[in-house]
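Data block below; observations after.
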Amino acid sequence: MVSSLTKKETWSEYWRSLKFAFYCMTHPVDGFWDLTHEHRGTYAAANTILIATLIVRLAKLRFTSFLFLQVYWEELNIFLYLASVLFPLALWVIGNWALTTLFDGKGKLGQVYMATCYGLIPYPVIQFPLMLLSNVVTVEEGQFYSVLSALSLVYAAILIVSAMGQIHEFSAGKNLLFTVASLFAMLVQVFILTIFFSMISQGVLYFISLVREFLFRL
Amino acid sequence: MKNITRFISIALLGIIVAVGITPITALADASTGDTSYTYNLDYWGDVQDSPDFYTVSKVFTSSELGLDVKLKAPEGLFSYGDLLYVCDTGNNRIIELKRVSSEKFDVLRIIDSFKGDPNSTFNAPSDIAISEEGNYFIADRGNGRILKLDPDFNLILTFDKPVDNTLDPSITFQPNKIVIDTAERVYCIATGINKGLIKYEPDGTFSGFVGATKVTYDFLDYIWKKFATQAQRAQMENFVPTEYDNVYMDHEGFVYACTGAVTREDLRAEKADAVRKINLMGNDILVRNGEWPIYGDIHMGSGGGYEGPSYFSDVTVFTNDIFVCLDRNRGRCFGYDDQGHLVFAFGGNGNMDGYFRRPVAIEHYNHDLYVLDTLDCAITVFVPTEFGALVYDAIDKFDQGDYTASGESWERVMQLNGNYDLAYIGIGRSYLRQERYKEAMDYFEVKYDDENYSKAFKQYRKEWVEDHIAVIVIVLLAMFLIPMGIGKVRSIKHEIDTADIFNT
């Protein structure tokens with residue numbers, strides 16, 4: 001594994017798969033079909049895009065002009081802020097896979113993850129230049145910023161939906177249906193997690209109060 | 001053996017308890033540090049402690065004023081030059097005071113009757129106003145009339161209950177607060193009349209209602225009401241406009257009207273206003289450019305037994321357009337500038353000097369404030385501190401166009417209070433007028449003033465482009481020419497490589 005890092009082919013493969021993300025951006029149907037069926041994508045590239053997204057999201061806090069993004073640093077928790085990307089991503093990947101695997105979806109869990117990460121590519125690609133641009137515009141010219149910023153999110157959403165259709169080999173209608181179903185699956189997971197954690201804390205509290213009572217009677 | 005285990009376990013328990021208690025007491029000590037007497041809100045809405053803006057010069061009660069009959073539930077205050085009129089509502093009289101200094105007031109006259117009417121005494125007079133001609137207007141609430149008296153207290157006119165078809169005839173007319181404009185038109189607030197301010201022409205005729213609050217209700221409430229029974233409907237709150245609590249006529253002839261009968265939800269949803277600035281058409285023209293809305297405390301916790309939004313019982317307006325609202329709920333004064341930024345907030349409920357129990361009226365003399373407390377039966381005189389005087393100085397100099405001096409005053413304000421957002425923005429605006437754009441941008445950025453920052457940045461960018469135009473042109477040209485050149489060289493090379501002449 002480590003020895004492969006010194007090989008030149010490993011790196012050229014990595015670069016090729018990373019550059020393929022840009023092909024997917026401009027060819028949302030062909031690109032994502034080839035991503036899994038032609039093995040054009042790699043996990044390394046998917047991870048890189050995800051990390052780039054997280055870094056851009058963090059960098060935005062500091063380097064976007066205060067005209068567009070005001071940060072209340074006292075209340076900011078970087079880990080929670082990163083979790084606001086990672087947590088929905090994990091819910092989406094698991095929820096989507098769990099549903100589609102029951103209904104003839106061809107994508108594996110890893111492929112769902114890879115395709116979703118590839119679908120995130122517009123976010124770093126658009127937001128990073130936008131972050132720099134925000135420092136040379138005034139409030140009146142701010143419409144450019146807001147429109148492009150919203151565009152990057154819509155673009156990413158379209159790519160992810162299209163990617164899911166291609167890797168599962170779904171028709172357009174079925175794809176949309178399962179997109180909505182996956183969103184519901186995310187809600188269900190949140191519900192289950194909430195119950196789980198409240199149950200655990202109730203259980204822990206029970207033992208804590210037991211020990212307290214014991215100490216009190218001692 | 002058993003005793004030893006018992007001893008050890010008790011000792012352990014003692015340690016646990018001791019360790020457990022220490023941090024708690026430490027915390028309790030730290031949490032008793034309340035906010036300071038004067039405070040302000042920053043960009044994020046956090047309360048920032050501030051040096052005092054106003055300080056109590058003296059509190060005047062009946063004994064300080066040397067009154068034989070003690071004040072009883074006074075409700076109205078009117079400042080006219082260096083004279084101050086106090087409506088001693090409970091004793092049916094009006095007291096005329098003359099200001100000698102901020103620490104000395106002399107009683108000039110005690111007005112308890114007038115000439116020219118069979119009923120020549122007052123009954124619960126609640127407000128007084130004086131026109132430019134020197135005529136007295138008195139809201140004689142208990143008698144249901146507004147009196148216009150000449151300077152010698154001879155009756156000129158009486159303003160009675162307005163004759164209007166929309167008005168419930170059974171309602172008793174109780175004129176509560178009045179203001180007079182330069183033409184001696186009377187604007188009146190009467191208890192139980194919520195159609196706005198009652199406006200009388202100089203000749204005493206009623207000419208309509210102005211500035212009624214807009215009625216707002218949810219569609220859901222409306223439907224709910226349709227299905228409710230008569231008894232249920234009576235229980236629900238009515239969709240009626242709110243009544244004003246007090247009015248003030250500023251030096252430009254605009255009427256500031258305030259009300260406390262508003263809910264927290266309506267204020268937060270911007271469905272209701274605590275203060276309005278009403279023009280002749282009856283429209284609200286108050287500028288609300290501040291980061292935070294103009295309704296006093298934005299944090300409405302139930303601390304100290306007081307909850308809900310601030311209850312504005314009176315308002316007064318300085319000649320520099322700063323207006324001060326008096327909050328009856330928490331006994332505080334809130335000063336806002338002409339753009340709606342919070343300039344200061346101070347006060348509290350209590351019995352110490354500078355604290356109130358039920359403040360009902362506020363007036364000003366230059367930059368001094370008079371606050372009347374109806375339960376304490378006392379007038380508190382506030383004078384600006386060095387900090388407050390500097391802020392006023394900076395604002396006045398900016399209005400006069402002396403931007404450099406204004407900037408210097410703001411610098412000194414900033415030295416006294418580093419958490420005062422208006423100081424930073426003031427320095428920035430002063431730099432902006434002096435065309436020192438980069439410095440201005442730095443100050444605006446610190447306090448998140450995007451509008452002014454954009455103004456400064458636009459000029460800064462323009463200057464920068466003008467200074468660096470040569471570099472920009474060269475870079476732009478290079479961006480086009482170098483790739484073009486490389487392409488050209490490559491195509492020539494390609495042509496040479498593939499030229500037939502070399503292959504043959």
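Work out, step by step, the length gained on full extension between B:LEU280 and B:GLU451: first 0.36 nm times the residue separation, then minus their alpha carbon distance; give nm to one decimal.
Extending this stretch completely gives an extra 58.5 nm.
How big is the protein assembly as shown along each principal axis, measuring the range of its Cα positions in Å and listing the largest first?
Cα extents, longest axis first: 127, 98, 60 Å.
Quick one: A:THR179, B:THR172, fewest Cβ neighbours within 10 Å first, how do they rank? Write out the running numbers ahead of the final one.
Working: A:THR179 17, B:THR172 11.
Ascending number of Cβ neighbours within 10 Å: B:THR172, A:THR179.
Highest GNM mean-square fluctuation, chain A, Cα pairs closer than 10 Å: which of A:TYR123, A:TYR113, A:TYR14?
A:TYR14
Which order results if B:CYS258, B:CYS377 are arranged by neighbouring Cβ count within 10 Å, fewest first?
B:CYS377, B:CYS258
Along the charge dipole of the protein assembly as shown, pointing to its positive end and built from +1/-1 on Cβ of Lys, Arg, Asp and Glu, which listed residue (A:SER201, B:SER79, B:LEU422) has its Cα farthest out?
A:SER201
Over region B:333-382, what is the mean sequence separation of C-alpha contacts under 8 Å (at least six apart), divided by residue count, expressed as relative contact order in percent? Show your work: numbers first, answer last.
Numbers: 78 pairs, mean separation 10.9, N = 50.
This gives 22 percent for region B:333-382.
For region A:1-49, run through the trypsin sites (Lys or Arg not before Pro) and keep only the ones in DSSP coil with at most 11 other Cβ atoms within 10 Å of their Cβ. Let's see the in-between values first.
Details: sites: A:LYS7, A:LYS8, A:ARG16, A:LYS19, A:ARG40; in loops: A:LYS7, A:ARG40.
Hits after loop and neighbour filter: A:LYS7.
Go through B:LYS177/B:LYS199; B:LYS148/B:LYS195; B:LYS161/B:LYS195; B:LYS199/B:LYS277; B:LYS115/B:LYS161; B:LYS195/B:LYS277 and tell me which ones have a Cα-Cα distance over 18 Å in this structure.
Flagged as over cut-off: B:LYS148/B:LYS195; B:LYS115/B:LYS161.
Any chance you could give the angle, 0 to 90 degrees and rounded to 10, that helix B:437-446 forms with the longest Cα principal axis of chain B?
70
I need the phi-derived Karplus couplings for region A:121-137: 6.51 cos²θ - 1.76 cosθ + 1.60, θ = phi - 60°, integer Hz, Gly and Pro marked x.
Once rounded to whole Hz, the list reads 3, x, 4, x, 5, 8, 5, 5, x, 5, 4, 5, 4, 4, 7, 10, 10.
Less than 14 Å Cβ to Cβ from A:PHE22, Lys/Arg counted +1 and Asp/Glu -1: what total charge do the surrounding residues give?
Every neighbour counted, the sum reads +1.
Using a Cα-Cα cut-off of under 23 Å, which lysines could be cross-linked to B:LYS455, ignoring same-chain neighbours fewer than 8 residues away?
Cα-Cα hits under 23 Å: B:LYS397, B:LYS438, B:LYS447.
Compare the Cα positions of B:MET300, B:ILE285, B:LEU390 along the charge dipole of region B:283-390 (+1 at Cβ of Lys, Arg; -1 at Cβ of Asp, Glu; about the Cα centre) and return the one farthest towards the positive end.
Farthest along the dipole direction, towards plus: B:MET300.
Looking at A:SER171, A:SER182, A:ALA83, which one has the Cα that reaches farthest to the positive end of the dipole of region A:7-217 (charges on Cβ: Lys, Arg +1; Asp, Glu -1)?
Selected residue: A:ALA83.
If you average 1/r over every pair of different alpha-carbon atoms in chain A and take one over that average, what Kirkwood value in Å do you get? Present the calculation step by step, with values, prior to reporting the outcome.
Details: mean 1/r = 0.0501 Å⁻¹.
One over the average 1/r among Cα pairs gives 20.0 Å for chain A.
If we count GluC sites (Glu not before Pro) as exposed when they sit in a DSSP loop and have at most 14 other beta carbons within 10 Å, what is the longest stretch of chain B that avoids them all?
B:308-434
Just A:LEU86, A:LEU120, A:LEU76 to compare: in a GNM of chain A, with alpha carbon springs under 10 Å, which one fluctuates most?
Sorting by GNM fluctuation, first place goes to A:LEU76.
Which of B:ARG276, A:ARG57 has the fewest other C-beta atoms within 10 Å, and how do the rest follow up to the most?
So the ranking, lowest neighbour count to highest, is A:ARG57, B:ARG276.
Just to confirm a number: summing +1 for Lys and Arg and -1 for Asp and Glu over residues other than B:PHE78 whose beta-carbon lies under 12 angstrom from that of B:PHE78, what do you get?
-4
Got the relative contact order for chain B handy, in percent, Cα pairs under 8 Å and 6 or more residues apart?
11
Is chain B best put as rounded, prolate or oblate by its Cα gyration tensor, with a ≥ b ≥ c the root eigenvalues, rounded for a/c under 1.5, and otherwise prolate when a/b is larger than b/c, oblate when not?
Cα axes put chain B in the prolate bin.
When Lys and Arg each count +1 and Asp and Glu each count -1, what net charge do the other residues less than 13 Å away from B:ASP127, Cβ to Cβ, add up to?
That sum, taken over residues with Cβ under 13 Å, equals -3.
Between rounded, prolate and oblate, where does region B:401-504 land on the alpha carbon gyration tensor, with a ≥ b ≥ c its root eigenvalues, rounded for a/c under 1.5, else prolate if a/b exceeds b/c?
Numbers: a/c = 7.38, a/b = 4.54, b/c = 1.63.
It is prolate, given that a/c is not under 1.5 and a/b is the larger ratio.
So how tilted is helix A:43-63 from the main axis of chain A? Cα-based, degrees 0 to 90, rounded to 10.
Relative to chain A, helix A:43-63 is tipped by roughly 80 degrees.
Let me know the charge dipole size of the protein assembly as shown about its Cα centre in debye, to the nearest 20, where only the beta-carbon of Lys, Arg (+1) and Asp, Glu (-1) is charged.
3420
Nearest 20 debye, what's the magnitude of the dipole of region B:218-291 about its Cα centre given +1 on Lys and Arg Cβ and -1 on Asp and Glu Cβ? Kindly include the intermediate steps, with their values, before the conclusion.
Details: 9 positive and 13 negative charges, 65 e Å.
Here the size comes out at about 320 debye.
Of all alpha-carbon pairs in region A:146-185, indicate the percentage at a distance above 17 angstrom. Show your work: numbers first, answer last.
Values: 275 of 780 pairs.
Value for region A:146-185: 35 percent of Cα pairs lie more than 17 Å apart.
Answer rounded, prolate or oblate for region A:143-212, using the Cα gyration tensor with square roots of eigenvalues a ≥ b ≥ c: rounded when a/c is under 1.5, else prolate when a/b is larger than b/c, else oblate.
oblate
Taking DSSP loops as anything outside H, G, I, E and B, show the longest stretch in chain A free of GluC sites (Glu not before Pro) there with at most 14 other beta carbons within 10 Å.
A:39-139
Among A:ILE167, A:ILE78, A:ILE200, which one moves the most in a GNM of chain A with springs linking Cα atoms closer than 10 Å?
Answer for the Gaussian network model of chain A: A:ILE200.
Can you compute the charge dipole magnitude of chain A about its Cα centre, using +1 on each Lys and Arg Cβ and -1 on each Asp and Glu Cβ, nothing else charged? Give it in debye, rounded to the nearest 20.
Value, rounded to 20: 460 debye.
Amide H of B:LEU108 versus every other amide H placed in the peptide plane: which residues, excluding those fewer than 5 positions away on the same chain, fall under 5 Å?
B:GLU96, B:LEU97, B:LYS98
Once the Cα atoms of helix B:403-416 and of chain B are each reduced to a long axis, what angle between those two axes, in degrees from 0 to 90 to the nearest 10, is obtained?
80
Any read-out appearing in this document is the output of simple, stated calculations on the displayed coordinates, not a laboratory observation. On a predicted model such as this, the values are computed, not experimentally measured, just so you know. Counting neighbours? That spans all protein chains shown, and the Cβs are built from the backbone with ideal geometry, glycine included.
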